[in-house]
Structures are given as structure tokens and as C-alpha cells.
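Engineer: Okay, here's the structure, questions in a sec.
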Amino acid sequence: MDKVRQIRLAKDAMDRDWADPELDLGAVAAHAGYSRYHFLRAFKEAYGETPGQYLTHRRIERAEEMLRAADLSVTEICHLVGFSSLGTFSARFKTRTGLTPSEYRSKNVGRGAALIPGCYAMLWAGGFPTKRTAPKATRRTARKAARRTATSEKRPDPAAAYGDKEQPPDDRRAEP
């Protein structure tokens with residue numbers, strides 16, 4: 001009974017942290033108190049699939065929901081559900097559903113409620129984190145890191161726009 005409870009704790013950790021791209025076998029096995037390879041065998045015996053397969057299925061299920069409901073690009077959804085490679089995401093998605101993410105969206109959009117605007121979906125998801133905070137980070141540092149997104153760091157000086165500091169070139173057409 002204790003073995004099943006430990007494996008269930010690790011499965012719960014995967015269900016909770018499914019979107020973290022750095023979630024790996026070692027981290028999940030640590031939740032169960034097992035070595036990586038012993039945990040892999042025990043998980044497959046208990047659930048019929050490896051932890052990696054289970055995590056991929058969870059991520060694909062979340063991606064299906066977002067493709068149906070959110071007005072985000074496939075690349076944004078790929079990163080929000082925890083994949084770091086668009087190619088891997090598309091290949092795994094097609095293997096699981098039989099359709100590419102774009103085909104899935106075009107086939108299933110419009111069924112149900114209206115699409116959630118991408119800005120709201122990104123706000124709800126917390127955006128794309130650019131840097132990981134240290135495990136012992138203070139609350140203030142963690143809040144700052146949570147506010148940091150890929151779009152907020154693209155342009156460090158919001159007042160300066162393209163060409164603001166450049167001098168216009170001399171117009172030499174008028175010279176003889």
C-alpha cells in the first residue's frame with residue numbers, strides 16, 4: 001500500500017506541474033522517494049505507461065483544450081503546455097490525435113463557446129517565464145520573476161522607438 005501511495009504522490013506532482021518544461025524523471029522520482037529507474041519500472045507497472053508517456057498525454061490534452069478555446073498561436077500553446085520544441089510538439093500531437101495542431105484547430109474551432117482572446121489566456125497562464133528563480137528566492141524576487149515575460153523584455157527602453165535617435169540622412173538629390 002505504501003508503494004502505491006508514493007507513486008500516486010509523484011503522479012499528483014506531474015498533474016500539478018505538467019506545464020514546467022524542466023520537469024524530468026529525476027524530479028518526479030524524488031517525489032516518490034525512488035531512484036529514477038526503479039520509479040520508471042514501478043510507475044509503468046502501476047499505470048501501464050511510462051512517466052514520460054503520461055506527462056506527454058497530459059500536455060497534449062491541455063493543448064487540445066487551448067487549441068479549441070484560446071486565440072493563441074500554435075507556438076505559444078506549445079510553450080505554455082511545457083514543450084520546448086515546436087517540432088516535437090507537432091509530432092507528438094499528430095501521433096496522439098492523428099492531426100497536426102493547425103488541422104485540429106481548424107476542425108474543432110467554433111464548437112462550443114467563443115474563443116478566449118490570446119491576451120487573456122496569456123494573462124491567466126502567467127506569460128512565458130524568461131528566467132527561472134532560484135529555489136530559495138524571496139517572495140519579492142519571485143513576484144518580479146512572475147511578472148517578467150518574453151514580451152516585456154523584448155524592448156528595454158519603452159520610450160525609444162525605431163529611428164528616434166538616428167539623424168535623417170542628407171538628401172543629396174538636390175545637389176548639382
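The values are calculated or read from the model by the stated rules, or taken from the named source; none is laboratory data. Just so it is clear, the model here is predicted, and its values are computed rather than measured. We place every Cβ from the backbone using ideal geometry, glycine too, and count neighbours over all the protein chains shown. With ligands, DNA and RNA removed, areas are computed over all heavy atoms of the protein, side chains included. Shrake-Rupley method; radii C 1.70, N 1.55, O 1.52, S 1.80 Å.
Engineer: Compute the distance in nm between two label points, each set 7 Å from the Cα along the Cα-to-Cβ direction, one at GLU22 and one at TYR37.
Structural biologist: Result for the modelled spin labels: 2.7 nm.
Engineer: Using mean Cβ contacts within 10 Å as the protection proxy, how do 85-93, 18-26 order, highest first? Could you put the intermediate results ahead of the total?
Structural biologist: Numbers: 85-93: 16.0, 18-26: 14.3.
Result, highest mean first: 85-93, 18-26.
Engineer: Could you rank the peptides 63-73, 34-44 by their average count of other C-beta atoms within 10 Å per residue, with the highest value first? Don't skip to the answer; put the middle values down first.
Structural biologist: Details: 63-73: 18.8, 34-44: 16.1.
Sorting 63-73, 34-44 by mean packing, highest first, produces 63-73, 34-44.
Engineer: Taking H as built 1.01 Å from N, whose amide H comes closer than 5 Å to the amide H of ALA70, not counting residues under 5 places away?
Structural biologist: Sorted by chain and number, the residues that satisfy this are ILE116.
Engineer: Leaving out ligands and nucleic acids, and using a 1.4 Å probe, what accessible area per residue does the stretch 26-79 come to in Å²? List each step's numbers first, then the result.
Structural biologist: Numbers: 2620 Å² over 54 residues.
Here the per-residue accessible area is 48 Å².
Engineer: Sticking with the crude label model, points 7 Å out along Cα→Cβ, report the distance from GLU45 to ASN108 in nm, one decimal please.
Structural biologist: 3.5 nm
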